[in-house]
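J.: Have a look at this one before I ask anything.
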Amino acid sequence: MKSMVILISGRGSNMAALLDAVGEAAFPARVAAVLCNRPHAPGLEIAAARGIPARVVDHTRYPERAAFDAALAEAIDAWTPDLVALAGFMRILGDDFVARYAGRLINIHPSLLPAFPGLRTHQRALDAGVRIHGCTAHFVTPALDHGPIIAQAAVPVLDGDDADSLAARVLIQEHRLYPLVVRWFAEGRLRVVDGRVALDAAQEAAASLISPQASGRR
Ligand code: GAR
């Protein structure tokens, strides 16, 4: 049984999806703790309501990023996790922090990377006129939103979409994808070869998640 710490900044719906998954019988990982950089994040209450230790490391108390990163690492290491999962964690982490957790730090990002790294991904996808959008689970490396891609899920961009409707469609896929990827990690099935994640055939099939809404209406 692997243990993980989840880092959040806000709503915590991906965290909740992970908590749902680890609550299933025979899931090979458990959530040791949830850490959050914002004291009033709604996700903290969700974690507490589910009996998961939830701690705040408030970034505003650390004028230097390195000091915040060090405090965050100390809070994480108290749980000696096998995996650190960023789930809507909205702080950029420094190179030393990322190196400390190399190979066991993953993120879910709301775009089909390498398209649309950074913020406001859904509006930027609409502005670019893309027909397919989605989300990406990836290992974290020092370059923002550029680590080895583990799996992606795609959704169609529909006529009349705004950033909110598109975000909601993508979020459904995030909640499917992230638990799947955490399961693979916990099962020891994620290998990085030459900077890319090697998946077996069964993983390849499962990783190609396309929203059911992709068929029909346009
Ligand atoms: C999610 O869409 C996640 O992919 C995104 O923030 C949202 C958090 O929602 N993460 C990033 O943009 C990271 N760069 P949640 O708190 O409900 O999981």
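J.: Using the Karplus curve 6.51 cos²θ - 1.76 cosθ + 1.60 with θ = phi - 60°, what ³J(HN,Hα) values do you get for each residue of segment 173-179, in whole Hz, with x for Gly and Pro?
T.: Values per residue, Gly and Pro as x: 6, 4, 6, 7, 6, 5, x Hz.
J.: Can you run phi through the Karplus equation (6.51, -1.76, 1.60; θ = phi - 60°) for segment 32-38 and list ³J(HN,Hα) in whole Hz, with x for Gly and Pro?
T.: Karplus values, whole Hz, x for Gly and Pro: 6, 6, 10, 10, 9, 8, 10.
J.: What's the angle, to the nearest 10 degrees (0 to 90), between helix 65-77's Cα axis and the longest principal axis of the chain?
T.: Here the helix axis deviates by roughly 80 degrees.
J.: Distance in nm between label sites at residue 158 and residue 58, each 7 Å beyond Cα in the beta-carbon direction?
T.: Computed distance between label sites residue 158 and residue 58 equals 4.2 nm.
J.: Short version: what are the Cα gyration tensor semi-axes of segment 2-87, square root of 5 times each eigenvalue, largest first, in whole Å?
T.: Value: 22, 15, 9 Å, ordered largest first.
J.: In nm, give the distance between the simple-model label positions of residue 144 and residue 3, each being 7 Å from the Cα along the Cα-to-Cβ direction.
T.: Result for the modelled spin labels: 3.3 nm.
J.: Compute the length gained on full extension between residue 196 and residue 11: take 0.36 nm times their separation in residues and subtract their Cα-Cα distance, giving the result in nm to one decimal. All intermediate terms of the calculation are to be shown ahead of the outcome.
T.: Values: separation 185, 0.36 × 185 = 66.60 nm, distance 3.05 nm.
That pair, residue 196 and residue 11, stretches by 63.5 nm at full extension.
J.: In addition: Which far-off residues, 5 or more places away or on another chain, put their amide H under 5 Å from the one on residue 150, with H placed in the peptide plane?
T.: The list, which skips near neighbours in sequence, is 137, 138, 139.
J.: Of 4, 90, how do they rank once you tally other Cβ atoms within 10 Å and put the fewest first?
T.: In increasing order of surrounding Cβ atoms, one gets 90, 4.
J.: Here's something else I'd like to know. To the nearest 20 debye, what charge dipole does segment 53-168 have about its Cα centre, counting +1 at the Cβ of each Lys and Arg and -1 at the Cβ of each Asp and Glu?
T.: Dipole of segment 53-168, to the nearest 20 debye: 100 debye.
J.: Same structure, new question: In whole angstrom, how long is each semi-axis of the equivalent ellipsoid of the chain, when you take the square root of 5 times every eigenvalue of its Cα gyration tensor and sort them from largest down? Please report the intermediate quantities before stating the final value.
T.: Working: eigenvalues 143, 80, 62 Å².
Semi-axis lengths for the chain are 27, 20, 18 Å.
FYI, it's all coordinate maths here, none of it is from the lab. Fair warning: this is a prediction, and the values are worked out from it, not measured in the lab. All Cβ positions, glycine included, derive from the backbone under ideal geometry; neighbour counts span all protein chains shown.
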